[in-house]
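The values are calculated or read from the model by the stated rules, or taken from the named source; none is laboratory data. Remember, it's a predicted structure, so these values are computed and weren't measured experimentally. In this analysis, Cβ positions are derived from the backbone assuming ideal geometry, glycine residues included, and neighbour counts consider all displayed protein chains. Just the protein is used for accessible areas: all its heavy atoms, side chains included, with ligands, DNA and RNA removed. Shrake-Rupley method; radii C 1.70, N 1.55, O 1.52, S 1.80 Å.
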Amino acid sequence: MLELKGKKVTLHEGELLRREEANRQYLMKLENRYLLRNYMLEAGRYSSRGMDPNAMGGWEDPSCQIRGHFLGHWLSAAALRYQEVGDRELKAKTEAILDELLLCQKDNGGEWVCPIPEKYLYWIGKGKNIWAPQYNIHKLFMGLIDVYRYMELENALQIADKLADWFNRWSSSYTREEFDNILDIETGGMLEVWADLLEITGEEKYRALLERYYRGRLFDPLLEGKDVLTNMHANTTIPEILGCARAYEVTGEEKWMQIVQCYWKCAVTDRGYYVTGGQTQGEIWTPMKKLKARLGDKNQEHCTVYNMIRLAEFLFRHTKDPKYMHYIEYNMRNGIMAQTYHHGVPWKGSPWTGLLTYFLPMKAGSKKDWAGEMDSFFCCHGTMVQANAAWNRNIYYQDGQTLYVTMYADSEAVFEMGGHKIKLTQRQDYMNGSLMNSSENSVQQTVNEITSTYANKPDFRKYVFTMHLDEKLEYRLCLRIPDWVAKQAKVYVNNELKAETDCTDEFLSLERTWKNGDSVVLLLPIKLSFIPLPDDPQTGAFRYGPDVLAGITEVERVLKLDGQDPESELSADTEREWGTFRTFYRTENQDPGINFKKLNEIGYEPYQIYFKVKKG
């Protein structure tokens, strides 16, 4: 199995670092008294007469049945950030939160530590309609486990283990059929929690909980090849399948892997997805390969994007199949990056920034609906802080004497092989010939050949890798060739052409004895593509490499073509600014014209992703 490299990967990619820093500032800005309010209320540790009007609202309001869920996401995000950079301030803030949770657990009798009453669980056992209490509590478990795993804080495990005793006793009081009814009410990732805790502690109670939370009503039909997802809520089931993935890793039992594979086939392979890589409308799965009728105002829920990325990453580690990384790349660039931490030029007086959009609308003339910092705290608010906590993940992997480069971003990674340390640096050469990034930048402008050689935006992307070794070492370097490459990719080692390929269903492999200073240059041809809907070849979207383009328009537009391919209707626009080649396009023959920009740079503009094209 491939090993994910995150702890020893240093990120240098400017846009990703900006998002990490914005996320870190937001995590620090949220006060502990607000994060803990519902836990303190439930434990009788809140004595104020009234509620602070500045406190966290939305789903975190004390009147909401899902209250308190966000703290678990916060803990997980803080732990992921700490693993990446060792952020001591976030760790100190986390330690203070754990201290209060321990007091809440003590005042609740030694086990219960949740922000909702225990009776919610007994009520769902009696069939009362309560809003997903186990989904809520899973978030706390998740956060505690991540804090224990990445910050190595023992009291996080102590809190989780005592709370698990309550769940073991409560869940064992029902018959199999009665508990199957309970499992039909959204449980979030409780199955994943039991697998994690089984691995950490080895205690048999977690093995019992793992089997008890086997949701046969979902898993068994999946194994039979039935479509159990069409028109069903998407993010109810994805965390359950992530639980199966962890159960497989912990127990090695093949049934868990078979469930995961059947789910992927049903949810992705047979169903298809939008040009963005995402799915869903109104939080539910579309019918198989029928997406046209679902282009609406509530597409691509952020939670679904985040959790499907996690599922694809698991499958990649166990199969080494690059198709899962292709899927992740599209969802990262057109999901996570398009739906969180926007920063860009205002649109008609709009703000410069946007925090989070729960959905990514695909209906023509739609706008992203940005949530505020303190007024929503719905589910996607939580996955937002996790998704942006550490962007250094999913870039490098190792399997014995093989290094895998799976994503392309300026970074460096440290590996160990056979007792030897290797540092691999990666940078993108933008071939712009200039460091100037604004009208006020007075950096020295050296005359060079690059500025004239690449007068226009190059039709390929260039990535440079450099080896840093103490002594010569033989190993294999594997480079992912994205499925958006326009023609053959080329690889040079120390300026000598070594390989050419347009194969995107396997890695390009370089096996040799490497020495200090060796360089590898990867050239990936890139172009504009028109990606049709699976159920309407005359309706499609434009994508430049991995980035979806959106047309700026307040009303739905139809593209009328003069017999040419849709791609030829768009031409480069405002291609260069200062020292940067930019990705902007405009139509050639439409009246009025339409300007296009990357979806992940859209802020408050009205836009259209999918266009009907008519020829002649």
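Taking segment 392-408, which residues are in a loop (DSSP other than H, G, I, E, B) and either touching a Leu at 6+ places or on another chain (Cβ under 7 Å) or under 17 Å from Phe314 (Cβ atoms) (or both)? Passing the criteria: Asn392, Arg393, Asn394, Ile395, Thr406, Met407. Report whether or not Val275 is aliphatic (A, V, I, L, M), open to solvent by less than 10 Å² (accessible area, probe 1.4 Å) and out of contact with any Leu (no Cβ under 8 Å at 6 or more places or on another chain). In short, yes. Of all residues in segment 250-298, exactly one satisfies the criterion of being part of a loop (DSSP other than H, G, I, E, B) and touching a His at 6+ places or on another chain (Cβ under 7 Å), namely Glu283. Set side by side, the residues His318, His302 differ, and just one is within 17 Å of Gly282 (Cα to Cα) and either modelled with pLDDT of 95 or more or open to solvent by less than 10 Å² (accessible area, probe 1.4 Å) (or both), which is His302. Tell me whether segment 205-228 contains one or more residues that are of a type in the set (Asp, Glu), under 30 Å from Ala78 (Cα atoms) and without any contact (Cβ under 8 Å) to a residue 60 or more places away in the chain. No, segment 205-228 has no match at all. Does Pro458 satisfy the criteria of being over 25 Å from the mean Cα position of the chain (by Cα) and under 30 Å from Arg586 (Cα atoms)? It is true that Pro458 is over 25 Å from the mean Cα position of the chain (by Cα) and under 30 Å from Arg586 (Cα atoms).
Checked against the criterion of being at positive phi and surrounded by 14 or more Cβ atoms within 10 Å (Cβ to Cβ), the candidates Gly540, Gly517, Gly545 yield just one match: Gly545. Of the residues making up segment 554-584, those that are over 24 Å from Asp536 (Cα atoms) and either at pLDDT 95 or above or open to solvent by 60 Å² or more (accessible area, probe 1.4 Å) (or both) are Ser571, Ala572, Asp573, Thr574, Arg576, Glu577, Trp578, Thr580, Arg582, Thr583, Phe584.
A quick yes/no check of all residues on (1) within 31 Å of the chain's Cα centre (by Cα); (2) crowded, with 23+ Cβ neighbours inside 10 Å:
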| site | (1), (2) |
| --- | --- |
| Val85 | yes, no |
| Thr94 | yes, yes |
| Leu98 | yes, no |
| Pro115 | yes, yes |
| Tyr122 | no, no |
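Does Ala160 satisfy the condition of being more than 22 Å from His381 (Cβ to Cβ), open to solvent by less than 10 Å² (accessible area, probe 1.4 Å), without any contact (Cβ under 8 Å) to a residue 40 or more places away in the chain and under 29 Å from the mean Cα position of the chain (by Cα)? When the stated conditions are applied, Ala160 passes them.
Go through segment 176-224 and give me each residue that's of a type in the set (A, V, I, L, M) and part of a loop (DSSP other than H, G, I, E, B). Scanning segment 176-224 gives a single hit, Ile185.
Yes/no per residue for (1) among the aromatic types (Phe, Trp, Tyr); (2) without any contact (Cβ under 8 Å) to a residue 24 or more places away in the chain; (3) closer than 25 Å to Met431 by Cα; (4) out of contact with any Pro (no Cβ under 8 Å at 6 or more places or on another chain):
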position	(1), (2), (3), (4)
Asp573	no, yes, yes, yes
Thr580	no, no, yes, yes
Phe584	yes, yes, yes, yes
Gln590	no, no, no, yes
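Among the residues that make up segment 42-64, is at least one of them under 31 Å from the mean Cα position of the chain (by Cα), among the aliphatic types (A, V, I, L, M) and surrounded by fewer than 21 Cβ atoms within 10 Å (Cβ to Cβ)? Within segment 42-64, one or more residues are under 31 Å from the mean Cα position of the chain (by Cα), among the aliphatic types (A, V, I, L, M) and surrounded by fewer than 21 Cβ atoms within 10 Å (Cβ to Cβ). Of all residues in segment 489-516, those satisfying the criterion of being part of a loop (DSSP other than H, G, I, E, B) and out of contact with any Lys or Arg (no Cβ under 7 Å at 6 or more places or on another chain) are Asn494, Asn495, Cys503, Thr504, Glu506, Asn516. The residues of segment 333-357 that are surrounded by fewer than 23 Cβ atoms within 10 Å (Cβ to Cβ), within 19 Å of Met308 (Cα to Cα) and touching a residue at least 60 places away in the same chain (Cβ under 8 Å), listed by number, are Arg333, Met337. Counting only residues that are open to solvent by 10 Å² or more (accessible area, probe 1.4 Å) and not β-branched (Val, Ile, Thr), segment 391-403 holds 7 of them. Within the option set Lys368, Lys363, being within 19 Å of the chain's Cα centre (by Cα), of a type in the set (Lys, Arg) and part of a loop (DSSP other than H, G, I, E, B) holds for one residue only, Lys368. Beta carbons closer than 6 Å, at least 6 apart along the sequence or on distinct chains, pair a first residue in segment 452-476 that is more than 18 Å from Asn495 (Cα to Cα) with a second that is β-branched (Val, Ile, Thr) and open to solvent by 70 Å² or more (accessible area, probe 1.4 Å) for Lys472/Thr513; Glu474/Thr513. Is it the case, given these coordinates, that Glu496 is open to solvent by 70 Å² or more (accessible area, probe 1.4 Å) and without any contact (Cβ under 8 Å) to a residue 24 or more places away in the chain? Yes.
Residue under question is Ile309, and the condition is that it be of a type in the set (A, V, I, L, M, F, W, C), open to solvent by 40 Å² or more (accessible area, probe 1.4 Å) and closer than 30 Å to Phe70 by Cα; does it hold? Considered against the rule, which asks whether it is of a type in the set (A, V, I, L, M, F, W, C), open to solvent by 40 Å² or more (accessible area, probe 1.4 Å) and closer than 30 Å to Phe70 by Cα, Ile309 comes out as no. Tallying residues that are open to solvent by 10 Å² or more (accessible area, probe 1.4 Å) and among the small types (Gly, Ala, Ser) within segment 124-157 yields 2. Gln281 fulfils the conditions (1) open to solvent by less than 20 Å² (accessible area, probe 1.4 Å); (2) closer than 21 Å to Asn231 by Cβ except for a single criterion, (1).
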